[in-house]
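For reference, the structure I am asking about is given below.
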Amino acid sequence: MTFPVILLALTQTSPACGKSFATGMEDYRRQDFTKALIAFRAASQCDPRLVQAHLVIANIYAERGNDGEALAALLQALQIEPANLLALRAASNLYLKAGLHMKALPLLETLVRTDPKAADAHADLASVYAASGNREGAEKSFRRALELQPDYFPALAGLGNLLARAGDDSAALPLLRQAGKLQPAAWEGHFLLGSALNRLGQFAEAQAELEQAGKLGGKAEPQVFYQLARSWGGLGNAAERKQALATFSTLTKQEKESEERRRQAAAWVDEARKLVQAGQLEEAARLLELAREASPGDATLLFRLAGLNFDLHRLDAAREYAQAAISISPATWLYHYLLGLVERDAKHLSDALASLETAASLQSTEGPVFNALGEVLLEQGQSQAAISAFEKAVNLAPDDATFRQNLTQAKRSQK
Amino acid sequence: MRLVFVLAFTASAATAPFFTEEALRAGLKDVFICGDDRQKNYIVETLGTGVAFFDFDNDGLLDIFAVTASKLEGFPSGSEPTNHLYRNKGDRTFEDVTARADLAKAGWGQGVCTGDVDNDGFEDIYVTYWGQDVLYRNRGNGTFENVTPPNIGSRWGTGCAFVDYDRDGKLDLIVANYVDFDLKNTPRPDGPKPCQWKNEKVMCGPQGLKPGLNRLWHNDSTAGTVRFTEVSAKAGIEAPGPRYGLSVTTLDYDRDGWPDIYIAIDSQASLLYHNKHDGTFEETALESGVALSEDGREQAGMGTAAADYDGDGWPDLVKTNFIDDLPNLYRNNRDGTFAESTVQAGLGKSLRFLGWGAAFVDYDSDGWPDIFMVNGHVYPGMKSGEYRQRRILYRNGGAGRFADVSAEAGPGVMEKSSARGLAVGDYDNDGRPDLLVSNMNERLSLLHNTHARGHAITLRLVGQKTNRSAIGAVVRVKAGNRVRSQEVRSGSTFLSQSDLRLHFGLAGQQQVESVEIAWPGGAVEKLGPLAADQIVTLTEGRGVTSRRSFSR
């Protein structure tokens with residue numbers, strides 16, 4: 001999606017904002033995605049209605065596996081253009097990936113209204129209907145998808161599965177077999193076919209399909225082994241059935257433990273919040289550290305830990321956490337701002353300046369960022385630049401006495 | 001034109017309703033409470049309450065015990081709802097004898113099961129509570145005394161069943177516990193951290209709340225003293241860890257003569273405790289194929305029942321689940337495992353029902369156990385679905401296939417309510433099993449069976465060496481070219497107790513050729529022939545000790 005989007009953006013935005021966008025494009029071409037994100041975020045700050053900036057940000061985050069940030073960018077794009085096909089499709093896909101079917105539903109309904117010939121949209125909508133118990137709606141939408149694209153794998157597999165679950169195996173099997181032929185390397189097709197064959201009591205063929213599903217990437221999926229156990233049971237092979245059930249149990253246990261870790265991490269964060277409010281920062285930091293171990297890729301958590309350590313004057317730890325948060329979510333101004341404050345207190349003024357400048361480019365409406373920038377510039381002896389940063393801070397927050405005082409002192413020191 | 005009219009008349013006659021609602025006529029007017037009916041802020045308000053068909057005064061007529069919960073805001077002192085005991089007057093009406101029987105207890109009642117714990121010939125009652133469960137001993141004079149074990153603790157008890165798991169002749173007790181519920185720390189839908197269901201703010205749970213632990217109590221009673229000792233850990237009942245336990249069904253699924261225990265679990269894998277004959281159990285639900293859905297998913301199991309629906313002599317299982325899911329019909333493979341047969345058997349037609357009580361009942365006495373299920377949602381104010389739902393009657397066609405005959409069954413079955421508990425029993429002794437349903441914050445439903453009579457026989461078993469209620473006895477009745485089998489069972493369905501007598505539909509057979517009784521202690525007794533259309537009492541070691549023709 002990227003290059004047409006970028007070109008379109010360049011023609012639509014103002015020259016000043018277009019400069020940031022073009023910089024982002026250059027960074028993107030060089031595959032420096034961190035810099036690209038910062039530039040695109042700056043472009044979106046400059047022109048908040050620049051849909052393309054949000055779309056590209058979403059694209060980069062999605063490629064980096066950060067679905068949360070990608071979704072946030074897509075929802076921003078949809079606020080600007082509610083019927084944007086790219087954003088509707090991508091956001092609904094991310095919701096489906098996260099299992100949030102009901103959140104995907106309105107997006108998909110809009111998508112099929114806006115682009116009624118999109119087979120994928122009808123098939124996705126059908127999946128949501130099926131997950132929410134609307135069997136009739138699901139069947140209708142799957143069939144519509146197949147009218148539009150008779151060889152569309154998700155629709156064939158989805159409709160086959162729907163019919164099989166309703167007991168209409170004679171109608172389901174041809175669809176599932178066709179799906180399997182279309183994408184012989186997709187484990188899902190073999191799994192669905194194997195499951196339907198199990199229901200029909202055709203255990204030998206089911207077992208072969210399910211073994212194939214396991215080989216093709218379904219070996220981490222507990223349900224594959226549950227179905228395999230059913231096949232072995234039907235074939236009278238108690239030892240293989242037991243083995244398949246044991247694998248199922250192990251995988252299920254792993255899934256549950258992972259879920260439990262996430263739940264526990266959320267509980268620790270909640271508890272830590274209360275402790276911070278009660279002034280018990282040490283204990284809060286301990287709980288957040290436990291939460292981080294359970295959920296190491298959570299940028300928000302890393303940011304909270306950085307903040308707490310900063311408040312506790314543990315600057316090395318604060319830096320480490322802030323940098324880790326930035327590595328996951330490089331276009332979040334707050335993380336750069338915090339890192340700038342950490343470096344400022346550590347007297348690493350060049351690093352502080354770089355971080356605060358990045359924060360300012362990502363978020364041009366936050367007085368504290370410019371105030372901190374002014375303080376660092378002043379310490380570096382760059383009085384004029386400091387004055388202009390303080391002026392910006394005061395303009396953004398005219399009632400802030402500290403900003404005004406800093407500006408006055410900077411002007412005095414220049415004289 | 002005349003032919004058309006004749007056909008229309010014939011069709012009309014064939015589909016005359018055969019379950020009629022008789023609660024009001026029978027005098028069952030009390031409303032049974034479980035939380036607020038417009039808004040459920042906590043999960044404890046959602047389970048409803050159970051009902052029991054049992055003969056407390058041994059007059060040969062089924063009486064009714066119905067449990068009530070309460071409201072979280074409480075009631076003015078003196079006007080709290082209580083459980084009720086209704087005595088069957090023999091004319092298809094009941095009188096409320098709660099106070100006279102010393103059973104007027106308020107509290108957050110949930111389930112009920114009955115059994116003769118002291119082998120004195122009178123059925124005793126166990127009532128589960130969110131709070132402290134209560135065991136009532138039937139004094140035999142129309143009154144009951146509270147003989148609750150002192151160390152019973154305070155939990156959220158749900159389903160229960162009496163079962164002589166060690167075959168010592170005394171009824172032990174298994175109790176499911178749902179959630180270790182903490183009202184103060186559970187979010188409300190209108191609070192800062194509401195839970196969501198289909199984008200609507202709803203009460204939270206059970207997921208995210210602390211599950212309960214199932215409990216097994218061993219009966220250590222001696223003459224004149226009722227005493228139970230908790231043996232849950234020692235017996236292996238705690239081994240699977242805490243679960244959201246709901247209904248309890250006991251059954252000898254592997255026909256080894258020792259009772260096993262199946263517990264429907266909400267939002268987690270259900271449990272099957274296999275009896276190891278040494279006072280302990282091994283949990284085998286996954287290996288046996290009754291833990292999960294057909295595709296390996298955990299389900300929200302609610303009600304359970306067991307019966308030999310396919311006539312192969314082995315007990316099968318049915319389980320109700322949450323909405324957007326199917327019930328489970330597990331066919332016994334006769335090798336210690338079950339095969340899910342829900343869709344193949346015709347029970348996979350709709351995901352619209354949130355099921356609770358389920359029972360096998362041969363309503364048309366054709367010898368094939370049919371299935372009755374009651375339904376109702378847990379979120380009264382929701383926009384996306386029906387809170388009050390109709391019941392479902394599935395007729396067993398005899399070849400492992402069921403058909404939904406609810407509409408034919410009549411308005412009593414099609415009536416919508418948020419139903420929970422279900423008990424089966426022939427309260428007018430006419431040889432046709434009737435249905436008793438508890439409805440959330442409404443009066444009970446009493447569905448009187450008026451189906452055209454087929455031949456049938458009802459057997460009441462009385463243990464002598466084994467427990468007096470004969471719970472766990474398996475009876476095989478041979479009539480015509482078929483053998484029908486049933487087990488005497490306490491508890492089951494959902495929070496409820498059905499008639500302990502066994503009703504065998506005989507279709508066109510006017511007599512039973514033979515009856516084989518496998519008593520819980522292991523002894524097997526054979527007798528027969530017996531004429532159809534009567535209620536026969538069979539006493540262990542003494543054969544037929546009384547007979548009574550079906551009422552007309």
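Could you state, as a whole-number percent, how many of the C-alpha pairs of the stretch A:306-396 are farther apart than 17 Å?
44 percent
Separate question: Quickly work out the A:Asn395-to-A:Arg262 label distance, labels modelled 7 Å from Cα along the C-beta direction, and quote it in nm with one decimal.
For A:Arg262 paired with A:Asn395, the spin-label model returns 4.4 nm.
Roughly how tilted is helix A:333-345, in degrees to the nearest 10 and between 0 and 90, from the longest Cα axis of chain A?
40 degrees
For B:Val163, what residues show an amide H to amide H distance below 5 Å, using hydrogens built from the backbone and excluding near sequence neighbours?
B:Asp172, B:Leu173, B:Ile174
Next question, about the same structure. Can you tell me how the stretch B:38-148 classifies by the Cα gyration tensor, rounded, prolate or oblate, using a/c under 1.5 as the rounded cut?
Here the stretch B:38-148 falls in the prolate category.
What relative contact order, as a whole-number percentage, does chain B give when Cα pairs under 8 Å and 6 or more residues apart are counted?
Over chain B, the number comes to 16 percent.
With +1 on each Lys and Arg Cβ and -1 on each Asp and Glu Cβ, how big is the dipole of the stretch A:167-232 about its Cα centre, in debye rounded to the nearest 20?
100 debye
Right, next: Assuming a ≥ b ≥ c are the square roots of the Cα gyration tensor eigenvalues, decide whether the stretch B:444-552 counts as rounded (a/c under 1.5), prolate (otherwise, with a/b larger than b/c) or oblate.
Verdict is oblate for the stretch B:444-552.
Give the residues of the stretch B:419-449 whose amide nitrogen is closer than 14 Å to a point set 7 Å from the Cα of B:Arg388 in the direction of its Cβ.
Under cut-off, by backbone N: B:419-420, B:439-445.
Measuring from centroid to centroid over Cα atoms, what is the spacing of the stretch A:251-296 and the stretch A:311-325 in Å?
With the stretch A:251-296 and the stretch A:311-325 each reduced to a Cα centre, they are spaced 18 Å.
What three numbers, in Å, describe the spread of the alpha carbons of the protein assembly as shown along their principal axes, ordered from the longest?
Result, largest extent first: 117, 65, 59 Å.
Right, here's the next one. With each pseudo-label sitting 7 Å past Cα toward Cβ, what's the A:Asp115-B:Arg547 distance in nm, one decimal?
Each label point lies 7 Å from its Cα, and together they span 7.9 nm.
So what are the radius of gyration and Dmax for the Cα set of chain A, in Å?
Expressed in Å, the Cα Rg and Dmax of chain A come to 27.1, 94.
Using the number of other C-beta atoms within 10 angstrom as an exposure proxy, rank B:Met382, A:Met25 with the fewest first.
B:Met382, A:Met25
For the stretch A:163-180, just list the computed ³J(HN,Hα) in residue order, Karplus coefficients 6.51, -1.76 and 1.60, θ = phi - 60°, integers in Hz, with x standing in for Gly and Pro.
Going residue by residue, I get 5, 5, 5, 8, x, 8, 5, 5, 7, 6, 4, x, 5, 5, 5, 4, 4, x Hz, with x marking Gly and Pro.
Measure nothing fancy, just the Cα-based angle from helix A:281-294's long axis to the longest principal axis of chain A, in degrees from 0 to 90, nearest 10.
30 degrees
Now for a different question. Counting only Cα atoms, I'd like the Rg/Rh figure for the stretch A:1-158, Kirkwood definition for Rh.
1.05
For B:Asp362, enumerate residues with amide H under 5 Å from its amide H, sequence gap 5+ or separate chain, H modeled in the peptide plane.
The answer is B:Asp370.
I'd like the orientation of helix A:15-29 relative to chain A: the angle between its Cα long axis and the longest Cα principal axis, in ° from 0 to 90, rounded to 10.
50 degrees
Starting at 0 and stepping by 10 Å, how many percent of the alpha carbon pairs of the stretch B:169-225 end up in each bin?
That works out to 20, 31, 19, 15, 11, 4, in percent per bin.
No partner Cβ under 4.7 angstrom, meaning no disulfide-compatible partner by this rule: which Cys of chain B qualify?
B:Cys34
Using alpha carbons only, how many angstrom separate the centre of the stretch B:322-386 from the centre of the stretch A:349-415?
69 Å
Mind jotting down a quarter of the surface of the convex hull over the alpha carbons of the stretch A:33-80, in square nanometres, one decimal?
For the Cα atoms of the stretch A:33-80, the hull's average projected area reads 2.7 nm².
Also, I was wondering about something else. Compute the relative contact order of the stretch B:422-552 as a whole-number percentage, counting only Cα pairs closer than 8 Å that sit 6 or more residues apart in sequence.
Rounded, it is 28 percent for the stretch B:422-552.
Sticking with this one: So what are the radius of gyration and Dmax for the Cα set of the stretch B:324-367, in Å?
12.5, 34
Moving on. Out of residues 5 or more away from A:Gln202 or on other chains, whose amide H comes under 5 Å of its own, with H placed 1.01 Å from N in the peptide plane?
When sequence neighbours closer than 5 places are left aside, there are no close amide H contacts.
In deg cm²/dmol and to the nearest 500, what is the mean residue ellipticity at 222 nm of the protein assembly as shown if only DSSP H runs of at least 4 residues count, each as -39500 (n - 2.57), divided by the residue total?
About -12000 deg cm²/dmol.
Shape call for the stretch A:106-160 from the C-alpha gyration tensor, a ≥ b ≥ c root eigenvalues: rounded (a/c under 1.5), prolate (a/b greater than b/c) or oblate?
Cα axes put the stretch A:106-160 in the oblate bin.
Sticking with this structure for a sec: How high is the relative contact order of the stretch A:294-415? Use alpha-carbon pairs under 8 Å, at least six apart in sequence, and give a whole percent.
16 percent
Spin-label point model (7 Å from Cα, Cβ direction): what's the B:Lys29 to B:Glu95 distance in nm?
So the two model labels end up 1.6 nm from each other.
Consider just the alpha-carbon atoms of chain B and return their Rg together with their Dmax, both in angstrom.
Cα-based Rg and Dmax for chain B come out at 21.8, 76 Å.
Report, please, the projected area of the stretch A:257-415 averaged over directions, based on the convex hull of its C-alpha atoms, in nm².
9.6 nm²
Determine ³J(HN,Hα), in whole Hz, for all residues of the stretch A:228-244 in sequence, where each value follows from phi through the Karplus function 6.51 cos²θ - 1.76 cosθ + 1.60 and θ = phi - 60°; x replaces Gly and Pro.
The phi angles translate into 4, 4, 5, 4, 4, x, x, 8, x, 9, 5, 5, 5, 4, 4, 5, 5 Hz.
Using only alpha carbons, build the gyration tensor for the stretch A:147-186 and give me the equivalent ellipsoid semi-axes, biggest first, whole Å.
The equivalent ellipsoid of the stretch A:147-186 has semi-axes of 16, 11, 8 Å.
Once phi is turned into ³J(HN,Hα) by the Karplus curve 6.51 cos²θ - 1.76 cosθ + 1.60 with θ = phi - 60°, what whole-Hz value does each residue of the stretch A:391-403 show in order, with x for glycine and proline?
So the J values, rounded to whole Hz, are 4, 5, 4, 5, 4, 6, 9, x, 8, 7, 5, 4, 4.
May I ask for the Rg/Rh ratio of the stretch B:197-339, computed from Cα atoms with Rh as the Kirkwood radius, given to two decimals?
1.01
Could you state, as a whole-number percent, how many of the C-alpha pairs of the stretch B:356-399 are farther apart than 17 Å?
So the portion of pairs separated by more than 17 Å is 45 percent.
No lab work stands behind these numbers, since they all come straight from the coordinates. Just so you know, these numbers come straight off a predicted model, no measurement behind them. All Cβ positions, glycine included, derive from the backbone under ideal geometry; neighbour counts span all protein chains shown.
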